[in-house]
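Undergrad: Please see the structure below; I have some questions.
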Amino acid sequence: MKNFLIKLGINSKKAFFNQLDSKKKNKVLNDYLIMIQKNKKLIMNENKKDIDNAYKKKLKDPTNIVLEKWKRPNGLNISKVSIPLGVIGIIYESRPNVTSDVASLCFKSGNPVILKGGSEAFNSNYILAKLFRKSLRKNKVDENYVQFINVNKRTVVDFMLTKMEKFIDVIIPRGGKNLVKKVKNLSSIPMIGHLEGVCHCYVDKDANLKVAKKIIHNSKLRNTAICGATETILIHEKTIKKIGIPILEDLEKNGCKIIGDNKIRNLYKGRIQKASNKDWSKEYLSPIVSVRIVKDLLEAINHINKYGTMHTDCIITQNKKAAQKFLKDIKSSIAMHNTSTQFADGGEFGFGGEVGISTNTLPPRGPVGLNQLVSYKYKITSAGKIRK
């Protein structure tokens, strides 16, 4: 495997030095399009293999499951049973796959859904929703389990958020910061979601260099544009030279801009910009990271709880006691130990698809997949018991 991957890297570097003009690029892309059209049958056969594999891994219905049950001395038999949340409103931008993903998740969990997609993919969203409704009708199920708003006006979102609390039980926004912020500010309906992902990696005094370097490189640079990307690195003052400096050198070498406090700026010899208080609460979503030196674990926890957004935060340490304190005291919906923050994803958690990640204090928290789109009720039975 190692030799194979190295060969891939060598081949890519060779290709990079053979740059092409626009005419040649367009010709290649056009030929690729023609080949896709000519090979539809072959592509569909290969896709069927993936679909067959997916059917084997289908998620179970999360509703009407007895979560707990017990019998009381007073003669009551109590069951805690999972139920749907209610009507869910999804407001989302761009990608039309969200239409089929969230409609499927909401339907499987027993929740009717009202979809408001962005104008960028209006036609794709519309046909996907239309086909879902057709499938519902075919199976003699109320087609209004899935409804799509086919009106492209900004006022639609305002009306949903402020005038439909009698009909919609939960709002879930999926999109950029401006959309989520608008929903959070305007909505009179409970919201599931997150505004920002200001995620942290704390390098403890008992961290291992190799582990820390690998985790932080991945946490920051694997994909800088996702909400689980690390935006701030906190480094214990006793491990700056041994671990902190090599980590920053690796990040800078790989194109990451570093913004640091005065302590790290005095010690780090590479390029580093002075940090302001505003930098500790910034979600960069780009190859930029802010770095701060802390005196101990407690200061790191306090910093994260003050400036973080309760998304995903990690401690890197070989000290199990320190790790347990961090995992317990961090307020975030996802707390990690020696793990890349980029694992903040429903698919990686084994949830299958997700409607988003929630940083709410109340549940659901973290990745919201099929099993998180439910609530519960208590079912009580007795042999005619009355309370004295």
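The values are calculated or read from the model by the stated rules, or taken from the named source; none is laboratory data. As the structure is a computational prediction, the values presented were derived from the model and not from experiment. When we count neighbours, we look across all protein chains shown, and the Cβ atoms used for this are built from the backbone with ideal geometry, even at glycine. Protein only, heavy atoms only, side chains kept; ligands, DNA and RNA dropped before computing areas. Shrake-Rupley method; radii C 1.70, N 1.55, O 1.52, S 1.80 Å.
Undergrad: What does the net charge come to around residue 40 if you take all other residues with beta carbon closer than 15 Å to its beta carbon, with K and R at +1 and D and E at -1?
TA: Residues near residue 40 contribute +2 overall.
Undergrad: Leaving out ligands and nucleic acids, and using a 1.4 Å probe, what accessible area per residue does the range 55-200 come to in Å²? Walk me through the numbers before you get to the answer.
TA: Values: 8430 Å² over 146 residues.
Ligands and nucleic acids excluded, the figure is 58 Å² per residue.
Undergrad: Whole angstrom only: what separates the Cα centroid of the range 309-363 from the Cα centroid of the range 76-101?
TA: 22 Å
Undergrad: Sorted by mean Cβ packing within 10 Å, highest first, what order do the peptides 194-202, 220-228 take?
TA: On the way: 194-202: 24.4, 220-228: 17.4.
Result, highest mean Cβ count within 10 Å first: 194-202, 220-228.
Undergrad: To check you understand DSSP bridge types, tell me what percent of the beta bridges within the range 257-388 (both residues inside) are antiparallel, rounded to 5.
TA: 25 percent
Undergrad: A further question follows. Whole Å is fine, so just give me how far the alpha carbon centre of the range 187-233 lies from that of the range 239-272.
TA: 17 Å
Undergrad: Longer than 24 Å from Cα to Cα, which of 2/214; 25/257; 38/134; 108/130; 182/282; 210/320 are they? Say none if no pair is. Could the numbers behind the result be given before it?
TA: Working: 2/214 17 Å; 25/257 32 Å; 38/134 29 Å; 108/130 17 Å; 182/282 18 Å; 210/320 18 Å.
Flagged as over cut-off: 25/257; 38/134.
Undergrad: Ignoring everything except DSSP H segments at least 4 long, calculate the 222 nm mean residue ellipticity for the chain; use -39,500 (n - 2.57) per segment, divide by total residues, nearest 500. All intermediate terms of the calculation are to be shown ahead of the outcome.
TA: Working: 12 runs with 147 residues, N = 388.
Roughly -12000 deg cm²/dmol at 222 nm, from the helical runs in the chain.
Undergrad: Taking amide H positions as placed in the peptide plane 1.01 Å from N, state which residues far from residue 230 in sequence (5 or more) or on other chains have amide H under 5 Å from it.
TA: Sorted by chain and number, the residues that satisfy this are 220.
Undergrad: How far apart, in nanometres, would the label points at residue 13 and residue 137 be if each is projected 7 angstrom from Cα along the Cα-to-Cβ direction?
TA: Here the answer is 5.9 nm between the modelled labels.
Undergrad: Can you give the Rg to Rh ratio for the chain, taking only C-alpha atoms and Rh from Kirkwood? Please list the in-between numbers first.
TA: Values: Rg = 25.1 Å, Rh = 24.3 Å.
Rounded to two decimals, Rg over Rh is 1.03.
Undergrad: Right, something else. How many percent of DSSP beta bridges within the chain run antiparallel, rounded to 5? Don't skip to the end; give the middle numbers.
TA: Details: 16 of 53 bridges.
Bridges in the chain are about 30 percent antiparallel.
Undergrad: So, taking all protein chains as they sit and a 1.4 Å probe, how much accessible area belongs to residue 257, in Å² rounded to tens?
TA: It works out to around 90 Å².
Undergrad: Between residue 361 and residue 225, what is 0.36 nm times their sequence separation minus the Cα-Cα distance? Round to one decimal in nm. Don't skip to the answer; put the middle values down first.
TA: Working: separation 136, 0.36 × 136 = 48.96 nm, distance 2.44 nm.
That works out to 46.5 nm of additional length.
Undergrad: Full extension from residue 151 to residue 68: what is 0.36 nm times the residue separation minus their Cα-Cα distance, to one decimal in nm?
TA: Working: separation 83, 0.36 × 83 = 29.88 nm, distance 4.41 nm.
Difference between extended and current length: 25.5 nm.
Undergrad: Same structure again: Roll a 1.4 angstrom probe over the protein heavy atoms and tell me the percent of accessible area of the chain that is carbon or sulfur. Numbers along the way, then the final one.
TA: On the way: 12570 of 23510 Å².
With neighbouring chains kept in place, the figure for the chain is 53 percent.
Undergrad: Would you work out which of 228, 30, 309 lies farthest towards the positive end of the dipole of the chain? Charges go on Cβ: Lys and Arg +1, Asp and Glu -1.
TA: 30
Undergrad: What number comes out for the charge environment of residue 86, summing +1 per Lys or Arg and -1 per Asp or Glu over other residues with Cβ under 14 Å away?
TA: Combined, the nearby Lys, Arg, Asp and Glu give 0.
Undergrad: Let me know the charge dipole size of the chain about its Cα centre in debye, to the nearest 20, where only the beta-carbon of Lys, Arg (+1) and Asp, Glu (-1) is charged.
TA: On the way: 71 positive and 33 negative charges, 125 e Å.
Dipole about the Cα centre, nearest 20: 600 debye.
Undergrad: Let me ask something else. Among 150-157, 339-346, what's the highest-first ranking by average C-beta atoms within 10 angstrom per residue? Write down the numbers at each step before the final one.
TA: Numbers: 150-157: 11.9, 339-346: 21.2.
Ranked by mean Cβ neighbours within 10 Å, highest first: 339-346, 150-157.
Undergrad: Considering the options 115, 156, 200, tell which one lies farthest towards the positive end of the dipole of the range 57-200, charges being +1 on Lys and Arg and -1 on Asp and Glu at the Cβ, about the Cα centre.
TA: Result: 115.
Undergrad: If you don't mind, another one. Taking the Cβ of residue 125 as the center, what net charge do the other residues with Cβ under 14 Å away carry, scoring Lys and Arg +1 and Asp and Glu -1? Could the numbers behind the result be given before it?
TA: Working: positive: 95, 116, 130, 133, 174; negative: 93, 101, 120.
So the surrounding residues net to +2.
Undergrad: Additional query: Size of the dipole of the range 307-358 about the Cα centre, Lys and Arg at +1 and Asp and Glu at -1 on the beta carbon, nothing else charged, in debye to 20?
TA: Details: 5 positive and 5 negative charges, 83 e Å.
My answer is approximately 400 debye.
Undergrad: Along the charge dipole of the chain, Cβ charges K/R +1 and D/E -1, which of 147, 185, 92 sits furthest on the positive end?
TA: In the chain, that residue is 147.
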